[in-house]
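For reference, the structure discussed in these notes is given below.
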Amino acid sequence: MEDKIFDTVVIGGGPAGYSAALYCARAGMKTAVLEMLSAGGQMTLTETIENYPGFNEGVDGFTLGDQMQQQAEKFGAETFLTEVTGMDLDGFDKTVHTADEGDFHTHAVIIATGANARQIQFPESEKYQDRGIHYCAACDGMRFRGKTVALNGGGNTALEDALYLSRICEKVYLIHRRQQYRAEQFYVDGVSKTENIEPVLDSVVDGALLENGKWAGVRVKNVKTGETRDLPSEALFVSIGRVPNTKMVPESVERDKGGYLIADETTCTNVPGVFAVGDVRTKPLRQVITAAADGAVASVFALKYIESQK
C-alpha cells in the first residue's frame, strides 16, 4: 500500500481534531484527519448540545460533527476512516501507522483521541444511555431544569456536578459507595450546605426504575446492609471518572497520573512536533468549545514547529 505524506496528521475526528484540521489547512499545511468511526467523536452521543455558541436552539452532536468535517475538508483537509495502531514520533520525520490505510509520513502530529467517561454497569445501563443515563452534567443538565435527578460519584468532579445540578434542578440525589466523599473539603462543604442535595451514602446503583419502558429513576443498594431503595428521578448523571484514549500513543509522550497527555495551553507535549488537544490532554474543563479552541491553538504551534525545522 502506498505511503501517504502530509505536513500534519491529526488523530481523532472530534471537535478538537477537526478544529485543528480546519486551521492547519487554512494555514496552507497539507493535513490528514485519521478517525476510527465517524466525525464528532464523543459529541455524537449527545442528543442536544445547547451550550455551543451560535446555535440558539441547540444542535445534535452528529450534525455538529458532520458540519465541522465538511468545513475542514472545504479548505483541503483529507479524512481517512481508519484505526491508528502506532506512531514513530522521534525526530522531524514522523510516521503514523494505521490498520488499513498504510503509513502516514508527517512532521507534526496532533493527538485528538479524546477520553471516554467510565461507564456505569448495571442491567439496562447501555440501553438507556442518553435516554435516562447521562455522563455530562454541563452538557445535559439544562434538559432537566426543575426536575429531580440522581448523580453517582464521590470525587471532585462529581460533587462539582452535583452543585451545578442543584442550581438547575429541584432535587439532586448524590449516590456514593462510601461513607466519606473522595472530594476536596471545599466541595464537601458546599454539598453539605445545599438543601436540595440529598446524600445517598454507602450505596451503589443496582438497577433502573422503568415505567412503560421509559426511564423513571434508579434503585440503589446499601453496600453495608444490603437494603434497596427506589429513587424516582428524571435522569441519572454518572461521574465516576474518565479514561483517556492513549493506547496507541508511545510512552515517550508524558502522561499525568490519570493517564492524560501532559500539555499546557500551547498544546505542546514534551515530544517536539507532537501536540495534545481536547479531552485527551491535561486541562480543567472538557467541553466542545474548549476542545475546538485547543485545535486552533495547536495549528499555530504546529506551523511554527515545521517552519523552525526547515
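The values are calculated or read from the model by the stated rules, or taken from the named source; none is laboratory data. Everything quoted here is computed from the prediction, not taken from an experiment. Backbone-built Cβ (ideal geometry, glycine too); neighbour counts: all protein chains shown. Each accessible area value is taken on the protein alone, full model and side chains, heavy atoms only, with ligands, DNA and RNA left out. Shrake-Rupley method; radii C 1.70, N 1.55, O 1.52, S 1.80 Å.
So in the stretch 1-59, with the set limited to residues that are at pLDDT 95 or above and on the phi > 0 side of the Ramachandran plot, which one is most open to solvent (accessible area, probe 1.4 Å)?
Looking at residues that are at pLDDT 95 or above and on the phi > 0 side of the Ramachandran plot, I get G28.
For the stretch 227-257, give me the residue count where each residue is open to solvent by 40 Å² or more (accessible area, probe 1.4 Å) and closer than 30 Å to A208 by Cβ.
First pass over the stretch 227-257, keeping only residues open to solvent by 40 Å² or more (accessible area, probe 1.4 Å): 227-230, 232, 234, 240, 242-243, 245, 247, 251-252, 254-257.
Now drop any that are not closer than 30 Å to A208 by Cβ, which leaves 227-230, 232, 234, 240, 242-243, 245.
Selection size over the stretch 227-257: 10.
Results for (1) part of a loop (DSSP other than H, G, I, E, B); (2) in contact with a Phe, Trp or Tyr (Cβ under 7 Å, 6 or more places away or on another chain); (3) modelled with pLDDT of 95 or more; (4) not aromatic (F, W, Y), shown as yes or no for each residue.
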site: P272; (1), (2), (3), (4): yes, yes, yes, yes
site: L285; (1), (2), (3), (4): yes, no, no, yes
site: D294; (1), (2), (3), (4): no, no, yes, yes
site: I306; (1), (2), (3), (4): no, no, yes, yes
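Rundown of residues vs (1) touching a helix residue (DSSP H, G or I) at 6+ places or on another chain (Cβ under 7 Å); (2) farther than 24 Å from K304 by Cα, yes/no style:
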| residue | (1), (2) |
| --- | --- |
| M36 | no, yes |
| A39 | yes, yes |
| N56 | no, yes |
| T63 | no, yes |
| F75 | yes, no |
| G86 | no, yes |
| D93 | no, no |
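Give me the pairs, please: first residue somewhere in the stretch 183-198 and among the polar types (S, T, N, Q), second residue anywhere and outside any loop (DSSP other than H, G, I, E, B), beta-carbon distance under 7 Å, and either six or more positions apart or on two chains.
Filtered contacts from the stretch 183-198: T194/L163; T194/S166; N196/S166; N196/K171; N196/V172.
Every residue in the stretch 69-112 that is open to solvent by 40 Å² or more (accessible area, probe 1.4 Å) and aliphatic (A, V, I, L, M), please.
Within the stretch 69-112, L81, A99 qualify.
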